[in-house]
Each structure stands twice: as C-alpha cells, then as structure tokens.
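Have a look at the structure below before the remarks.
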Amino acid sequence: MSERLKTVVFPVAGLGTRFLPATKVVPKEMLPVMDKPLIQWASDEAVEAGADTLVFVVNRNKRAISDHYDQAFELEQRLERSNKLELLQIVHDVLPSHVRPVFVLQSEARGLGHAVLCAQPAVASGAFGVILPDDFIINRQGPGALAQMAAVQARQGGSVIAVEPVDWKDTGKYGIVSGTELSQGLMRIDSIVEKPRPDVAPSNLAVVGRYVLDTRIFELLEQTRPGAGGEIQLTDAIAALLGEQSVCAYRFEGVRYDCGTKFGYVHATLKLALDDAEIGDDMRRLLAELHEGATSD
Ligand code: G1P
C-alpha cells in the first residue's frame, strides 16, 4: 500500500442553481474564492495528495473547466515577453507539468454515484480519491484533507470517508454514518445512510465531500438502483461495500466551508481575505468599521 493516490475524480456536472444568475454561463466550480476558482482549490488538494491524473466528470455546459486546465498560449507568451514571470508562474501552477487532466462526460444528471461510475474508464487500479469542490476545506496546520486521508488509507487499507459532526437538524442534507471508534478521529463505519431525517438519523456525523475509495466501488455502483431523490447514490454503493471491506470515517483536520451555499461561500472568502498578507489588515479594519456601523455604504 502506498500513500499516493494516483487518480482523483471531481464530479462537477451539477447545475449550481443556488448561485443563479452567476452560474447561468459560468460553472459554479469556476466561482473564485479569493483569486482561485473552487475547482482549482480542489485540484491543488488532489495534487498535494500525490495525484497525477485528475478526472473531471463534466457535461456540455462545463467547457470553462477544461479551458481553465488548458494551456493559455497567448497569455503565457505575453507575460513572458513583458517579463511578468511571477504571473507566468501562477498560470503554469494551475496544472503542474506532471499532472494529466482527463475529461469524462456525464450526459444525464443521474446522481453522484452515477457521476463517479462515469469516471471508471479513467481510474487506475488501487484506491482513488473523490473531491466534491463545493466542500472547500482549508487546513492551515498541515497537509490538506485528502492527503491526510491517503495516509489513513495507507495504514488501514480499505476505503476512507471524511466526516464531521453537523447540527442534528441538518442530517437530511448529508450522508450520515455510525460505527465503532478505532482511535481518536477514526471510526470503522457500521452503517451509512443518505440524507436521513433527524428523527431517524443514526448519528449526526456527516459525510463531507472527500472519499478515498477502493475500485471495487465501481462494480457495486453498477448494481446500485436509484435511491434518495431518485438518484444513483454513492452512499448506497458505500453501504454495500461495508459488508466486504473496512470503510473508515475520518474526522479530518481543517475547516470545511460549504461553498454550495451563499453563506458558506462568503464565509470562506472572508476567512481567506482576513488571512491574506496583502489585504488582511484592511479587511479587519473594514469589518470593525462595518460592525460599529461607521460606514454608510
Ligand atoms: C453529497 C452526498 C452526501 C454528502 C454530501 C457532502 O450530497 O450524496 O452523502 O454528505 O455530498 O457534501 P449532495 O451535497 O451532492 O446533495
């Protein structure tokens, strides 16, 4: 077993209706948090975890994502000629040269499980990662969430799923797990259920958008019938996997922002702005002023 996750899958064929009209033309994954689109925060996290193959599961409206990972020949030439080498480096860093992007079509919106199954032809054997870019995770203290999970998978084998406790009233928004604690922050999952109502939820421990999965999941996904919301749910295939191998829930280190909601998106932006070397002090001043009601605009 190695700590390296060769392949990471990004299911990004969703509509992003919560951010209309911004997402009428621009994919929600291209919305920036500070100066990086959400999808790039996610791909940087995958590359940090060791990935050299990034599989984007897209639809026809997501051209901007493949454009983002394509070479911008004219822009690069111009930056080079005008000796703007720092900017040129930023453009090059969008996709390190050893990393290969692969684009797979999900023509019908049939759920997260179906999206992951679409990636199968591009996924190497062994464990692979899945990142849902809406779940934006920052860990200032150390490695990113997916790298942490790759290390857990290398130790434990099987599959690893990121979790965090949520308000009981919100269990209906998430996959919810329960199980047996193995060590601090690590649990062997005994049951997993998609979006249960609070009164029937087995716990308030919610799956967030990071998975390290054994490729066996693909065969199970092929057999998975539509579940919650009439969609093919990744959660249901994971439930089937529980009977075959160890699936761990891992409480990652770091903070998750739900950038699928306006509140989470603005929260993440605000946090990064406050931490930013260039604008952090001005932001703090601005927030203090706004708090005191000192500004009228
Ligand atoms: C998906 C999964 C769910 C998980 C969530 C994390 O739901 O189906 O199990 O808890 O992502 O963000 P979605 O948010 O796509 O409805």
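The values are calculated or read from the model by the stated rules, or taken from the named source; none is laboratory data. Since the model is a prediction, treat every value here as computed from it, not as a measurement. Note: ideal-geometry Cβ built from the backbone for every residue, glycine included; neighbour counts use all protein chains shown. Surface areas here come from the heavy atoms of the whole protein model, side chains and all, with no ligands, DNA or RNA. Shrake-Rupley method; radii C 1.70, N 1.55, O 1.52, S 1.80 Å.
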Conditions (1) within 15 Å of the ligand (Cβ to nearest atom); (2) open to solvent by less than 10 Å² (accessible area, probe 1.4 Å) -> V152 fails only (1)
Exactly one condition in (1) open to solvent by 20 Å² or more (accessible area, probe 1.4 Å); (2) assigned to a loop (DSSP other than H, G, I, E, B) is not met by E219; state its number.
(2)
Contact list please: Cβ distance under 7 Å, first residue in the range 45-62 and under 18 Å from T23 (Cα atoms) and basic (K, R), second residue crowded, with 17+ Cβ neighbours inside 10 Å and modelled with pLDDT under 95, pairs at least six apart or on different chains.
K62/A13
Look through the range 84-113, keep the residues that are in contact with a strand residue (DSSP E or B) (Cβ under 9 Å, 6 or more places away or on another chain) and not in a loop (DSSP other than H, G, I, E, B), and return whichever of them is surrounded by the fewest Cβ atoms within 10 Å (Cβ to Cβ).
L105
All-but-one check, R285 against (1) under 30 Å from L20 (Cβ atoms); (2) more than 16 Å from the ligand (Cβ to nearest atom), failing number (1)
Among the residues of the range 69-86, are any in contact (Cβ under 8 Å) with a residue 40 or more places away in the chain and under 30 Å from A109 (Cβ atoms)?
no
Hey, can you tell me all the residues within the range 247-286 that are surrounded by fewer than 17 Cβ atoms within 10 Å (Cβ to Cβ), assigned to a helix (DSSP H, G or I) and in contact with a Gly (Cβ under 8 Å, 6 or more places away or on another chain)?
L274
Checked G264, G227 against criteria (under 28 Å from S43 (Cα atoms), touching a strand residue (DSSP E or B) at 6+ places or on another chain (Cβ under 9 Å) and among the small types (G, A, S)); the one match is G264
What are the pairs with Cβ atoms under 6 angstrom where one residue, in the range 240-263, is more than 30 Å from T23 (Cα to Cα) and the other, located anywhere, is assigned to a loop (DSSP other than H, G, I, E, B)? Sequence gap at least six, or different chains.
Q245/G158; S246/G158; V247/G158; R251/G185; E253/N139
Within the range 62-83, considering residues that are over 30 Å from G175 (Cα atoms) and basic (K, R), the one surrounded by the fewest Cβ atoms within 10 Å (Cβ to Cβ):
R81
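Listed here are the residues, each with its yes/no results for (1) surrounded by 18 or more Cβ atoms within 10 Å (Cβ to Cβ); (2) of a type in the set (G, A, S).
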position: V8; (1), (2): yes, no
position: A13; (1), (2): yes, yes
position: T17; (1), (2): no, no
position: K24; (1), (2): no, no
position: M30; (1), (2): yes, no
position: I39; (1), (2): yes, no
position: A42; (1), (2): yes, yes
Positions within the range 207-238 being closer than 17 Å to G157 by Cα and within 12 Å of the ligand (Cβ to nearest atom), in sequence order:
R210, Y211, I238
Search result, residues across the range 223-244 that are outside any helix (DSSP H, G or I) and either aliphatic (A, V, I, L, M) or open to solvent by 40 Å² or more (accessible area, probe 1.4 Å) (or both):
R225, P226, E231, I232, L242, G243, E244
Only residues that are open to solvent by 60 Å² or more (accessible area, probe 1.4 Å) and free of Cβ contacts under 8 Å to residues at least 60 places away in the same chain: list them for the range 177-197, please.
T180, E181, Q184, D190, K195, R197
Count, please, the residues in the range 159-171 that happen to be within 22 Å of A240 (Cβ to Cβ) and either within 13 Å of the ligand (Cβ to nearest atom) or aliphatic (A, V, I, L, M) (or both).
5
